[in-house]
Amino acid sequence: MSGVRREAPHASSIVVRAGPEALSRVADWIRARGDAHALAPALLDRIDVCAAELVANVLEHGLGGAAGAPVRVALIVGEARVQLVIDDEAPAFDPLRRAPRASARMDESRVGGWGIAIVRHFAHELDYARTPNGNRLTATFLLDAGTARAAPR
Amino acid sequence: MQLHTNRLADGTELVLLAGRLDSAGVASIEAPLSAAIAAGGSRVLVDLSQVSFLASIGIRALLTHARTLARRGGSLGLVGPRAVVAEVLDVTGIAKIIPVFADVEAASAASKAPAPGS
């Protein structure tokens, strides 16, 4: 047995039911977990936006607006990175395979579709996996110099 | 989400938003924001300096109001977004079609500047 002990990444999760309160519950939980881990405000802002976009995507596209299905959101905080993991029980749906959206134009009729563009911008890495019961989207954020943990107060 | 409106000396309607511009935030300000834009002059500035969060649904709302104003010959401008909000405006291309200013003074100066080519 090694004498060197490394602290395992700390993971915790919340399960919300698809519905009108789901996004605000996820946001409250993300902010609370981020604060508990003393994540820097700039990083927490990015994770917050990505969680909102990814969960909204599941609710709108994966679940087609149906209420009641569970969506699990996990935050895994390691020494060098933070992972946001979204698990659902929806039919197969890989948002990363959707064609990138062009920049918005004032005169176009289409409104929306920016969620994945926003997530691609803020996350260092994105990974989709089909699970036995649904879909898993993992967004990885690096704890680099610009978005490290907040200084101790 | 909170909303306050203020008419500036030059007739510009200044709308100050505070809070999260997410689905709940958009729902809570949609009616008063529409009313402020309907009642205002041709130029409306939305102060985002107290907006901590902007997601797709908030972008849709801003773009919808910008179009409404453009159709009647007016314009919408955004003022003072925080870093994460400014990044969302940039990455979605919104900052290219709705002008973003550092503060109200910069927005006022831009409105008084001669149009390019004039």
Within the stretch B:17-54, which residues are assigned to a strand (DSSP E or B), within 12 Å of the chain's Cα centre (by Cα) and either away from chain A (no Cβ under 14 Å) or surrounded by fewer than 17 Cβ atoms within 10 Å (Cβ to Cβ) (or both)? B:Leu17, B:Arg43, B:Val44, B:Leu45, B:Val46, B:Asp47, B:Ser49
Pairs, first free of Cβ contacts under 8 Å to residues at least 12 places away in the same chain in the stretch B:74-87, second surrounded by fewer than 22 Cβ atoms within 10 Å (Cβ to Cβ), C-beta under 7 Å, six or more apart: B:Ala83/A:Ala42; B:Glu87/A:His121
For the stretch A:25-71, what are the residues that are open to solvent by less than 10 Å² (accessible area, probe 1.4 Å) and β-branched (Val, Ile, Thr)? A:Val26, A:Ile30, A:Ile47, A:Val49, A:Val55, A:Val71
Unmet requirement for B:Leu3, which otherwise passes all of (1) over 24 Å from A:Asp45 (Cβ atoms); (2) open to solvent by 20 Å² or more (accessible area, probe 1.4 Å): (1)
Criterion violated by B:Thr64 - all others in (1) within 29 Å of A:Leu54 (Cβ to Cβ); (2) part of a strand (DSSP E or B); (3) without any contact (Cβ under 8 Å) to a residue 12 or more places away in the chain satisfied: (2)
Can you name the residue in the stretch B:77-96 that is outside any helix (DSSP H, G or I) and more than 7 Å from chain A (Cβ to nearest Cβ) and is also surrounded by the fewest Cβ atoms within 10 Å (Cβ to Cβ) among such residues? B:Arg82
For residues that are over 20 Å from B:Gly25 (Cβ atoms) and of a type in the set (Gly, Ala, Ser), scanning just the stretch B:55-76, find the one that is nearest to the other protein chains (Cβ to nearest Cβ). B:Ala70
Output the qualifying pairs, or none if there are none: Cβ atoms under 7 angstrom, residues six or more apart or on different chains, first residue in the stretch B:20-48 and farther than 17 Å from B:Leu69 by Cβ, second residue part of a strand (DSSP E or B). B:Arg20/B:Ser52; B:Arg20/B:Phe53; B:Leu21/B:Val51; B:Leu21/B:Phe53; B:Leu21/B:Leu54; B:Asp22/B:Phe53; B:Gly25/B:Gly19
Residue in the stretch A:72-87 that is buried (at least 23 other Cβ atoms within 10 Å of the Cβ), outside any helix (DSSP H, G or I) and not hydrophobic (A, V, I, L, M, F, W, C) present: no
Hey, A:Ala90 at pLDDT below 95, surrounded by 15 or more Cβ atoms within 10 Å (Cβ to Cβ) and in contact with a Gly (Cβ under 9 Å, 6 or more places away or on another chain) or not: yes
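The values are calculated or read from the model by the stated rules, or taken from the named source; none is laboratory data. This structure is a prediction, so every number in the text was calculated from the model and none was measured. FYI the Cβ positions are ideal-geometry reconstructions off the backbone, even for glycines, and counts take in every protein chain you see. In case anyone asks, the SASA skips ligands and DNA or RNA and just uses the protein heavy atoms, side chains included. Shrake-Rupley method; radii C 1.70, N 1.55, O 1.52, S 1.80 Å.
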